[in-house]
Amino acid sequence: MKKTIIITGGAGFIGSHVVRLFTTRYPEYRIINLDALTYAGNLENLKDIEKLPNYEFIKGDIVDAEFIDGVFTEYQPEAVIHLAAESHVDRSILDPMSFINTNIIGTVNLLNACRNIWKDDMEGKLFYHISTDEVYGSLGSEGLFTETTSYDPRSPYSASKASSDHLVRAYNHTYKLPVVITNCSNNYGPNQFPEKLIPLSINNIKKNNPIPVYGKGENVRDWLYVGDHVEAIDRVFHQGKNGETYNIGGNNEWMNIELIHLLCEIMDDRLDRAPGTSAGLIEFVKDRAGHDLRYAIDAGKIKDELDWEPRVTFREGLEKTVDWYLENQDWMDNVLSGDYSKYYNKQYKQR
Ligand code: NAD
Ligand code: DAU
């Protein structure tokens, strides 16, 4: 094997797509998926690749420094792609501490473990930190986030991710740890946990339950198909420059309510419902506390320097996503059977 890469959070939504791409496209890499299997981690996401000879799964918590040091000493990875995180903004509002622990302490534990095993030779090593556009705060109706936009995180989730980004840069500057960071916009696609807007709405529409739209539905997000994101991650992993940050986005801004109407149109078509039936399920509910108005990414740097651009149009991506969820009802049923209903009731029934 040419290289051992630890991918953290590989059982989650984006992580599972990264693990699939790296194990299948690069059989010469040994891919170690290190994941705690929280409510968001699901090994079913990787059923098709779990028997590959270059894939291995380790269950463990990045908050446990001793455990992490032990894994890194044993496996001696040349690279880390760090995706493990608490990732849902609404949960960070209900319970900030798990975000502080995993997203900040967990990231520092990984940085320390890399320092420890790479201290005598940093050549060819890489700590790749996957981050979010939410660290830049909220935009008004104009403008785009660039790599030099000042940080202004406004939720416990985005503040914890911002903190981890600063620590990654500090380890690069102080200890010369080779790092790269990407800040990406909203992803969607197969295997996303149904707490997030698109899969939650697909599930509710299918079951004829209300679609909860926060506030007036006027918030804007820049949506990127997960397959395009993992292509960008491949590009940055292999060609990104030490110490650099790259923004990744879909050039695809949608107001939430308009997105929901498009989704309803696709669902009516797929479920053979009369046009307008699913839209009748829309229900405006109490707004998210501190709800950021608009995110939008200027992805010019990654296009100019690494020749990456999104390929999947929004309609095509949404149709693929809807079809995947409708064809994988077992996946949804398994996910919903856990603790999720407790969270759902707390988040939506008391609003
Ligand atoms: P996810 O919630 O679907 O998956 C997170 C994974 O991390 C799960 O498999 C979970 O078990 C694992 N995990 C959580 N805590 C852990 C811990 N303490 N130790 C080990 N494993 C742990 O998240 P996602 O949406 O796939 O996001 C992945 C990464 O990408 C995150 O860092 C997130 O901040 C970032 N990101 C996500 C988006 C998006 O739209 N989903 C956009 C930009 C950036
Ligand atoms: O921008 C990147 C970020 O995108 C990632 O870093 C996060 O991990 C990811 O969760 C996502 O954050 P958002 O808060 O933007 O995603 P979410 O799907 O939770 O919400 C999208 C928009 O839809 C947001 O404006 C809130 C709104 N919303 C969400 C839910 C769950 C609703 O109106 N109703 C809902 O029930």
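The values are calculated or read from the model by the stated rules, or taken from the named source; none is laboratory data. Computed from a predicted model, the values in this text were never measured in an experiment. So basically every Cβ, Gly included, is an ideal-geometry build from the backbone, and we count neighbours across all protein chains shown. Please note that ligands, DNA and RNA were not included when accessible areas were found on the heavy atoms of the full protein model with its side chains. Shrake-Rupley method; radii C 1.70, N 1.55, O 1.52, S 1.80 Å.
Within region 45-68, does at least one residue satisfy the condition of being crowded, with 16+ Cβ neighbours inside 10 Å, in contact (Cβ under 8 Å) with a residue 60 or more places away in the chain and touching a Gly at 6+ places or on another chain (Cβ under 6 Å)? No; the residues of region 45-68 include none that is crowded, with 16+ Cβ neighbours inside 10 Å, in contact (Cβ under 8 Å) with a residue 60 or more places away in the chain and touching a Gly at 6+ places or on another chain (Cβ under 6 Å).
Scanning region 69-80 for residues that are open to solvent by 40 Å² or more (accessible area, probe 1.4 Å) and assigned to a loop (DSSP other than H, G, I, E, B) returns Gln76, Glu78.
From the list Ala159, Ala113, Ala84, pick out the single residue that is more than 16 Å from the chain's Cα centre (by Cα), hydrophobic (A, V, I, L, M, F, W, C) and modelled with pLDDT of 95 or more. Talk me through it step by step, then tell me what you get.
Values: Ala159 fails: more than 16 Å from the chain's Cα centre (by Cα); Ala84 fails: more than 16 Å from the chain's Cα centre (by Cα).
Selected residue: Ala113, the only one of Ala159, Ala113, Ala84 that is more than 16 Å from the chain's Cα centre (by Cα), hydrophobic (A, V, I, L, M, F, W, C) and modelled with pLDDT of 95 or more.
Taking region 309-350 as the search range and keeping residues that are touching a strand residue (DSSP E or B) at 6+ places or on another chain (Cβ under 7 Å) and within 22 Å of Ala40 (Cβ to Cβ), which one is surrounded by the fewest Cβ atoms within 10 Å (Cβ to Cβ)?
Narrowing region 309-350 to residues touching a strand residue (DSSP E or B) at 6+ places or on another chain (Cβ under 7 Å): 310, 312, 314, 317, 321, 348.
Among the residues that remain, those that are also within 22 Å of Ala40 (Cβ to Cβ) are: 317, 321, 348.
Values: Gly317: 23, Thr321: 22, Tyr348: 17.
Ranking the candidates gives Tyr348 first.
Scan region 309-341 for residues that are among the polar types (S, T, N, Q) and in a loop (DSSP other than H, G, I, E, B) and the total you get is 3. The residues of region 98-127 that are open to solvent by less than 10 Å² (accessible area, probe 1.4 Å) and within 17 Å of Gln76 (Cβ to Cβ), listed by number, are Leu110, Leu111, Ala113, Cys114, Trp118, Phe127.
Residues of region 246-272 that are hydrophobic (A, V, I, L, M, F, W, C), outside any loop (DSSP other than H, G, I, E, B) and over 30 Å from Val180 (Cα atoms): Met255, Ile257, Leu259, Ile260, Leu262, Leu263, Cys264, Ile266, Met267.
Within region 68-105, being away from ligand 2 (no atom under 12 Å from the Cβ), over 13 Å from Ile6 (Cβ atoms) and not acidic (Asp, Glu) holds for Leu94, Pro96, Met97, Ser98, Ile100, Asn101, Thr102, Ile104, Ile105. Before we move on, is Asn328 modelled with pLDDT of 95 or more and over 20 Å from the mean Cα position of the chain (by Cα)? Against the criterion (modelled with pLDDT of 95 or more and over 20 Å from the mean Cα position of the chain (by Cα)), Asn328 qualifies. Per the conditions (1) in contact (Cβ under 8 Å) with a residue 60 or more places away in the chain; (2) of a type in the set (A, V, I, L, M); (3) in contact with a strand residue (DSSP E or B) (Cβ under 8 Å, 6 or more places away or on another chain), the sole criterion not satisfied by Leu167 is (3).
When only residues in region 273-308 that are of a type in the set (Gly, Ala, Ser) and not in a loop (DSSP other than H, G, I, E, B) count, which is surrounded by the most Cβ atoms within 10 Å (Cβ to Cβ)? Quick ask: steps written out before the conclusion?
From region 273-308, those of a type in the set (Gly, Ala, Ser) are 274, 276, 278-280, 289-290, 296, 299-300; that's our starting set.
In the following step, the residues that additionally are not in a loop (DSSP other than H, G, I, E, B) were identified as 278-280, 300.
Details: Ser278: 27, Ala279: 17, Gly280: 13, Gly300: 14.
Looking at residues that are of a type in the set (Gly, Ala, Ser) and not in a loop (DSSP other than H, G, I, E, B), I get Ser278.
A quick yes/no check of all residues on (1) outside the structural domain of Glu327 (by TED's automatic domain parsing); (2) assigned to a helix (DSSP H, G or I):
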| position | (1), (2) |
| --- | --- |
| Val168 | yes, yes |
| His173 | yes, yes |
| Asn183 | yes, no |
| Ser201 | no, yes |
| Ile205 | no, yes |
| Asn208 | no, no |
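Out of region 88-97, which residues are open to solvent by less than 50 Å² (accessible area, probe 1.4 Å) and outside any helix (DSSP H, G or I)?
Within region 88-97, the first condition is being open to solvent by less than 50 Å² (accessible area, probe 1.4 Å), and the residues that meet it are 88-92.
Of everything in region 88-97, just one residue is open to solvent by less than 50 Å² (accessible area, probe 1.4 Å) and outside any helix (DSSP H, G or I), namely His88.
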